[in-house]
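Read the structure below first, then the notes.
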Amino acid sequence: MAYLPDPRASSAGVSLQCGSRTDVGRKRHDNEDSLLASQPVFIVADGMGGLEAGQRASSAVIAEFQACVGRVDVAADDVVAAVLRAHTAVRAVSDSTGRGAGSTLTGLVLIDHEDFPQWLIVNVGDSRVYRLHGGEFQQLTVDHSLAQELIDEGSLLKADVATFARKNVITRAMGADNSNADYWLRPVVTGERLLVCSDGLSGELSDEAIKAGLTLGGGTQQTADALLAGALEHGGRDNVSVIVIDVIAGGVSSWHGVPVGDDQSDTRTEDTRPVQRVARNAAR
């Protein structure tokens, strides 16, 4: 399958609107979440470690992506290199503490790939990226969590995750061994709305509630504010971070001549071979 871009299209011509919020929540004393929402980078990092360690870890992840902000020439290998540096930075934070530290990393980076603008989606851990377009709502990332592993093997129902005692156990984290990032490439589509969030949002609100918030929330900042408020109203048991992005113009609009955005394919089947090649080369 191939998208049919405007031959003049590039990430430089993509117009976005963005709103973001992060909050300590109602049960925690410190906010260990960090976020970066500045074109072309939209990422959330959920730190772990307690005291100042988690906040230092998530901040270290964000710092490695700052050099991409404001650029119109970011490529897949730049993103992969930033992820590898972030792993190293979090390990340094962890080694400097007596109790260890880690972080999730999830989000989107706008890049040019195969001559048109695409989202490079990256994920380590259980923060998430969602997409809403044409009434269709999808989770674009796959959690690295014990709950997701049990769902995949058929021993846990998704409907039962909310009451699963070990639902917060993650299987990959920045700074940890055997924690390679997953990457997906998707076209930038005019009219789509994207959400990047920590599990402080997805752990409090159902997919149906998140979809409703994205559909009815208004502008991007208003929507981010409303989603965060919803998480707090449902308990706010964790830090909450939310980034909402609207693609206003400059994205593709057709896929072999068919309007883009209403397919319901499993995002894990997207063609990520170019990204995988970049990842292998960067790791050498």
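Points worth noting:
- Taking label points 7 Å from Cα along the Cα-to-Cβ direction, THR215 and GLU114 give a separation of 3.1 nm.
- Extension gain from GLN139 to THR88, taking 0.36 nm per residue of separation minus the Cα-Cα distance: 15.5 nm
- Rg ratio for segment 47-107: its Cα radius of gyration over 2.2 N^0.38 Å, N being its residue count, equals 1.17.
- The string of couplings for segment 176-184 from the Karplus curve (6.51, -1.76, 1.60, θ = phi - 60°) is 9, 5, 6, 10, 5, 6, 8, 10, 9 Hz, one whole number per residue in order, with x for Gly and Pro.
- In this label model, HIS29 and VAL169 are separated by 2.8 nm, measuring between points 7 Å along each Cα→Cβ vector.
- Span from the segment 12-78 Cα centroid across to the segment 173-252 one, whole angstrom: 13 Å
- Å³ per residue enclosed by the Cα convex hull of segment 115-249: 130 Å³
- Calculated from backbone phi, Karplus (6.51, -1.76, 1.60) coupling profile of segment 223-230 in Hz, x at Gly/Pro: 5, 4, 4, 5, 5, 4, 4, x
- Cα gyration tensor, segment 11-249 - rounded (a/c under 1.5), prolate or oblate: rounded
- When a 1.4 Å probe is rolled over the protein heavy atoms, the share of accessible surface on segment 11-249 that falls to carbon and sulfur comes to 48 percent.
- Rounded FRET efficiency, nearest 0.05, which uses the C-beta distance separating GLU153 from THR97 and R0 of 35 Å: 0.55
- Segment 120-221: trypsin sites (Lys or Arg not before Pro) in DSSP loop, at most 12 other beta carbons within 10 Å: ARG166
- Per residue, the accessible area of segment 11-249 comes to 40 Å² when a 1.4 Å probe rolls over the protein heavy atoms.
- Length added when fully stretched, ALA249-VAL69, from 0.36 nm per residue minus Cα-Cα: 62.8 nm
The values are calculated or read from the model by the stated rules, or taken from the named source; none is laboratory data. Since we're looking at a predicted model, the values are computed, not measured. Glycine gets a Cβ as well: all are built from the backbone with ideal geometry, and neighbour counts include every protein chain shown. Areas reflect the complete protein model, heavy atoms only, side chains present, ligands, DNA and RNA absent. Shrake-Rupley method; radii C 1.70, N 1.55, O 1.52, S 1.80 Å.
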